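In what follows, a structure is listed as C-alpha cells, so that the remarks can point back to it.
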C-alpha cells in the first residue's frame, strides 16, 4: 500500500514538474501554432461563464499576443433561472479580469436562442448571427465548441453546428479560420494538470497557462457569483480545461459546400461527435438530439431578428 502511495505521489510530482516547465516555455513563446497569426479573434460561447470554464487558456493565450484583439460573442444571457440581468454584469466583470475590454464583449438576448439544456438552436440562425459579427469586426479567427460541446449541453453543441453551417455554405471570408475545443473523456477532463503531457504530445495547437494565469481564470470565474455551487467549484479545481486547451481546425472540403444537408459528408470533428461510446477519446453521447433542426441554405436573414438596445445587449423578440 505504501509503495502504491509513493508511486502515485511521484507521478503527481512528475506531472506537476512537466506542467510547470511546459507552462514557462509556452509563456516565453510568442506564437503558438497557426493561432500565432491571429490578429482579430472571436470566441463564440453559449452562456456567461463559458469563457472561464471552457475557453480560459485560449483567451489568455490570445491576449498574450501583443497584436491580437480578442472579442467575445455570447449567444444568450443565461436566463434559464431568470437571472439574465445579473449574469450580464457578471460576464462583463469576468471579461475585465481576463483582460477582454468591455467594448469587445457582445452579449445577445434572442427569443429563439433560449438558455435551456434540452433545447437546440437553429443552425442557420446561429450562423447568421456569428457571420454578422465576423464581417463587422473583420475577424480572422473563430474559436468555439466541438460537436459534443465539452459538457454535452445542447446550446454548446448548437454553436458548433452553426459554424459548420457557415463553412458548408462557404460564406466565411477568405482567410477566416475556425477552431474547436475538443471534448475528452471524463478521466482526462478531470485530471487537471496531469493531462498536460498527453495533450502536448498528441495535439498540434495548444494553449497552456501558467499558475498566475490559472489563478486569473479562477478569479474571473469568481465574478459569476450567481453560478457558484459546489460542483462548479470542484470543476474549476480539477478540470483540465482551466489549465490547457487543445484546438482543432474545423474545415469542410469544397465538394461538401452548398450541398443538401442530407448528402453532406461529415467533417472529422462531426464524425468524432457521432462515434460510439466505445471510443477511447470521448465520453458516451447521452442521447440523440431531436430538437436539432435541419435547415435550408439561405433561409435566415439576420435583419429579421436583430435590433440594438441602449443597454449594450442585442435583443430580438419574435
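No value in this document is a laboratory result; all are computed from the given coordinates. This one's a predicted model, so the numbers in the text were calculated from it and none came from an experiment. When we count neighbours, we look across all protein chains shown, and the Cβ atoms used for this are built from the backbone with ideal geometry, even at glycine.
By the beta-carbon count within 10 Å of each Cβ, the least crowded to most crowded order of 144, 120, fewest first, is 120, 144. By other beta-carbon atoms within 10 Å, ranking 199, 141 with the fewest at the front produces 199, 141. In this label model, residue 138 and residue 12 are separated by 5.0 nm, measuring between points 7 Å along each Cα→Cβ vector. Using the alpha-carbon positions of the stretch 35-274, Rg (one decimal) and Dmax (whole number) come out as 16.7, 48 Å. Panel order for 160, 16, 190, by other beta carbons found within 10 Å of each beta carbon, from fewest to most: 16, 190, 160. For a modelled paramagnetic label at residue 81, 7 Å from Cα along Cα-to-Cβ, the residues of the stretch 190-227 in reach, with backbone nitrogen under 11 Å, are 225-227.
Sorted into 10 angstrom bins from 0, the C-alpha pair distances of the stretch 204-245 split as 27, 53, 17, 2 percent. The mean of 1/r over all pairs of different alpha-carbon atoms in the stretch 14-86, once inverted, gives a Kirkwood hydrodynamic radius of 14.2 Å.
Our note on the geometry: Cα centres of the stretch 11-79 and the stretch 235-249, 9 Å apart.
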